[in-house]
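Quick notes on the structure that follows.
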Amino acid sequence: MGHKDSSFNVRSLIKDHFFRGPIEWDYRPDIIYKLLDLAEKSLSRQPSMLELRTPLVVCGDLHGQYQDLLQIFQSQGLPFQQRYLFLGDYVDRGTHSLEILMLLLACKVEYPDNMFLLRGNHEISSVNKYYGFFGELRMRFHRNNEWDGLYRRFCQVFGYLPVAALVNGTVLCVHGGLAPTLKSLDDLRSIKRPEIEPADGGLLENILWADPSLDCAHFSANTDRNCSYIYGKEAVDEIFEKLGISLLIRAHQMVDHGYEYFANRRVVTLFSAPGYNDSYENLGAIMKFTRDGECNFYQFDSATPVDRSRSRFTRIASTE
Ligand SMILES: [Mn+2]
């Protein structure tokens, strides 16, 4: 990683990130481009809908909170000893989207069967241009206008992120949730990548942006997001039947306790950015599946540089 070192070794990049802890890295653009090339190859080798088995740790939105990502790895195990699925929204809002992407993409390249990264609605150029990531790159790579090319390359690679994961054949994971045009798992399997800017009203856009809601029984326009749908309990029951699934794990919304159930515990929202955006006092949570498919939630407080002693993980009651 040193400036005099022209070689690039993914494993030492990962090791350095874990060894040095929550610091800001002075990445060389050529190293970023090399990692993005490797990550794009790795991501494009895997299908649009991943099919995974437990054990597995599932994590929700990170939003640039790099220290909280490190907390997750420290408490749950490094990615060579533990399998992870992230539900997207790596970038924007927080200050260190770049560190999160570098570490997670490096882990994807080095441990392709232990690191799985779904796409969130913030891994879209028309979103992350305005909510932090673009500005972070512009500020950090203002010399020689390097930020422009880097930003465009990141957005291309985002287009290769898978969009859904099916765990143990019955647990569906997707960033936002359900859509009225989702009729079978094959609809998810056949989403073509790269779709760098998801088409208006298309299935990809809908599942990246959807929210569960008590305000409708079935589906209704998602007026808070200005696109996609809100889905109610009847929509959940109907689509679960069609897809043959028993649980939907999604992220996309800040919830006070880091996780929150909906529709008789058939849907769970998972959010892994505690103290979100420096403006909320929410906890973060992750969901850990044992080999047998049993799951527990772990909640954690934010790891701010001011008071890192607050960092802690609490195991809470298992799901039924
Ligand atoms: Mn989101």
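Computed from the coordinates by the stated procedures, all read-outs in this text should not be read as laboratory data. These numbers come from a predicted model, not from an experiment. Neighbour counts are summed over all protein chains in view; Cβ atoms, including those assigned to glycine, are modelled from backbone coordinates with ideal geometry.
Estimated from the Cβ-Cβ distance and a Förster radius of 45 angstrom, the FRET efficiency linking Q74 and N145 is about 0.75.
In this simple spin-label approximation, E51 and E241 carry label points 7 Å from Cα along the Cα→Cβ vector, and these lie 2.5 nm apart. Using only alpha carbons, the chain has a radius of gyration to Kirkwood radius ratio (Rg to Rh) of 0.95. 3J(HN,Hα) along region 39-45: 5, 4, 4, 5, 5, 6, 6 Hz, from the Karplus curve 6.51 cos²θ - 1.76 cosθ + 1.60 with θ = phi - 60°, whole Hz, x for Gly and Pro. Using the Cα gyration tensor of region 165-261, with a ≥ b ≥ c the square roots of its eigenvalues, what is the shape: rounded (a/c below 1.5), prolate (a/b larger than b/c) or oblate (neither)? Taking the square roots of the gyration eigenvalues as a ≥ b ≥ c, region 165-261 is rounded. 3J(HN,Hα) couplings calculated from phi for region 156-165 with the Karplus curve 6.51 cos²θ - 1.76 cosθ + 1.60 (θ = phi - 60°) are, in sequence order, 5, 5, 4, x, 9, 4, x, 10, 7, 9 Hz; Gly and Pro show x. Can you give the angle from 0 to 90° between the axis of helix 97-110 and the longest principal axis of the chain, with both taken from C-alpha atoms, to the nearest 10? The angle comes out near 80 degrees.
Listed cross-link partners K15/K129; K41/K233; K15/K41 are compared with a 28 Å cut-off, the Cα-Cα value being larger for K15/K129; K41/K233.
Taken along the Cα-to-beta-carbon direction at a fixed 7 Å, the label points for I196 and R291 span 4.5 nm. The simple spin-label model puts a point 7 Å past each Cα toward its Cβ; for K41 and R152 those points are separated by 2.3 nm. Taking square-rooted eigenvalues a ≥ b ≥ c of the alpha carbon gyration tensor, is region 13-151 rounded, prolate or oblate, where a/c under 1.5 means rounded and, failing that, a/b exceeding b/c means prolate? It comes out prolate by the Cα gyration axes. Once the Cα-Cα distance is subtracted from the 0.36 nm per residue extended length, the E260 to K183 segment shows a gain of 25.2 nm. Near S220, the amide H atoms lying under 5 Å from its own belong to I230; only residues 5 or more places off or on other chains count, and H is placed 1.01 Å from N. 3J(HN,Hα) along region 64-76, derived from phi through the Karplus expression 6.51 cos²θ - 1.76 cosθ + 1.60 where θ = phi - 60°, amounts to x, 8, 4, 4, 6, 5, 4, 4, 4, 5, 5, 8, 9 Hz, with x in place of Gly and Pro. Taking a straight line from the alpha carbon of K183, these lysines sit under 16 Å away, with near neighbours fewer than eight places off in the same chain left out: K242. Antiparallel beta bridges, as assigned by DSSP with both residues in the chain, represent about 55 percent of the total such bridges.
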